[in-house]
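> The structure follows.
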Amino acid sequence: MSRVLAISGSIRTESFNTALLNAFGSLAPEGMSIEVFKGIDELPHFNQDLEGDVPASVTRLREAVQAADAVIISTPEYNRAIPGVLKNALDWASRPYGQSSWQGKPVAALSASPGAQGGVRALEELTGQLQNLSAYLVRGPEIAIPEVHTRLGADADARATLTDPATAGMVKYLLEALQVAIDTKAGENHVKALGAWAASLNG
Ligand SMILES: Cc1cc2nc3c(=O)[nH]c(=O)nc-3n(C[C@H](O)[C@H](O)[C@H](O)COP(=O)(O)O)c2cc1C
């Protein structure tokens, strides 16, 4: 069984991004379970002063990322960038220095917005962040979902249903690509390749 941790970049109750991630379970390939992480709103603002004795919320995030075979992140776009609360979570899980939870982790990223561009600028920023963190980025089709409110079930009960077949097809493809990355240990190989490159620089 592959365990995928889903992180929404939005902490609002009626978030479209969170609703989307809740809909992914039914689109996942056989043998993949998807758990939507709750608690990035409990993380304190990142502060190096807190690193000696981190709060339980930080440990919970780090352990959840470490225990997952892969991570999927869906982000909104706030003023052309990822929300601060998501950046905060990326930062906390990147520490302590040398023990980043992101290194070699297969990660798929997508964005969603009620707007016409689907939050694509936030998605670009997020993928850049993940690359810098040495995550293994799983590239499927670029999924920046525009007018997301038209692609989810309309009422409160049906909201965790992706009603647009084209978007559902892209998500399925992305989740299958994530499964391939898990099966082939692509993240571990990525870290080994990075290590070999770093060693070559040292002569
Ligand atoms: C402060 C703020 C800035 C926003 N900036 C953008 C933006 O740059 N691009 C965009 O597509 N939507 C923008 N929006 C609209 C969000 O996409 C919208 O609120 C969306 O529903 C948030 O995601 P969520 O539903 O997952 O919470 C902004 C919303 C807020 C509150």
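> State which residue is nearest to residue 185 (Cα to Cα) when the search covers only segment 78-99 and only residues that are open to solvent by 40 Å² or more (accessible area, probe 1.4 Å) and within 16 Å of the ligand (Cβ to nearest atom).
87
> Please work out which one of (1) within 19 Å of the chain's Cα centre (by Cα); (2) under 21 Å from residue 70 (Cβ atoms); (3) surrounded by fewer than 19 Cβ atoms within 10 Å (Cβ to Cβ) is the condition residue 31 fails and give its number.
If we test residue 31 against (1) within 19 Å of the chain's Cα centre (by Cα); (2) under 21 Å from residue 70 (Cβ atoms); (3) surrounded by fewer than 19 Cβ atoms within 10 Å (Cβ to Cβ), just (1) comes out false.
> Moving to a separate point now. With the condition kept exactly as written, say whether any residue in segment 53-76 is within 14 Å of the ligand (Cβ to nearest atom), among the polar types (S, T, N, Q) and at pLDDT 95 or above.
Yes, the conditions are met somewhere in segment 53-76.
> Then there's this: Out of all the residues in segment 46-67, which are within 19 Å of the chain's Cα centre (by Cα) and assigned to a loop (DSSP other than H, G, I, E, B)?
46
> Here's a check for you: in segment 1-28, which residue that is more than 15 Å from the chain's Cα centre (by Cα) and farther than 17 Å from residue 110 by Cβ is least open to solvent (accessible area, probe 1.4 Å)?
2
> Also: Only residues that are more than 7 Å from the ligand (Cβ to nearest atom) and among the aromatic types (Phe, Trp, Tyr): list them for segment 9-27, please.
Across segment 9-27, the qualifying residue is only 24.
> Is it true that some residue in segment 32-40 is on the phi < 0 side of the Ramachandran plot, in a helix (DSSP H, G or I) and of a type in the set (Gly, Ala, Ser)?
No.
> With the requirement that a residue be out of contact with any Asp or Glu (no Cβ under 8 Å at 6 or more places or on another chain) and within 8 Å of the ligand (Cβ to nearest atom), what does segment 105-116 give you?
Once the filter is applied, which keeps residues that are out of contact with any Asp or Glu (no Cβ under 8 Å at 6 or more places or on another chain) and within 8 Å of the ligand (Cβ to nearest atom), segment 105-116 yields only 112.
> Going by what's in this entry, would residue 40 be described as within 14 Å of the ligand (Cβ to nearest atom) and over 22 Å from residue 161 (Cβ atoms)?
Taking the combined requirement at face value, the residue satisfies it.
> A follow-up question, please. Does segment 100-109 contain at least one residue that is at pLDDT below 95, of a type in the set (Lys, Arg) and open to solvent by less than 80 Å² (accessible area, probe 1.4 Å)?
Scanning segment 100-109, I find no residue that is at pLDDT below 95, of a type in the set (Lys, Arg) and open to solvent by less than 80 Å² (accessible area, probe 1.4 Å), so the answer is no.
> OK, next. Could you list, in sequence order, the residues of segment 135-169 that are of a type in the set (A, V, I, L, M, F, W, C), in a helix (DSSP H, G or I) and either over 19 Å from residue 121 (Cα atoms) or at pLDDT below 95 (or both)?
158, 160, 166, 168 - these are the residues of segment 135-169 that are of a type in the set (A, V, I, L, M, F, W, C), in a helix (DSSP H, G or I) and either over 19 Å from residue 121 (Cα atoms) or at pLDDT below 95 (or both).
The values are calculated or read from the model by the stated rules, or taken from the named source; none is laboratory data. Worth saying up front: this structure is predicted, and the values here are computed from it rather than measured. All Cβ positions, glycine included, derive from the backbone under ideal geometry; neighbour counts span all protein chains shown. When the accessible area is computed, the model is the full protein with side chains, heavy atoms only, and any ligands, DNA or RNA have been set aside. Shrake-Rupley method; radii C 1.70, N 1.55, O 1.52, S 1.80 Å.
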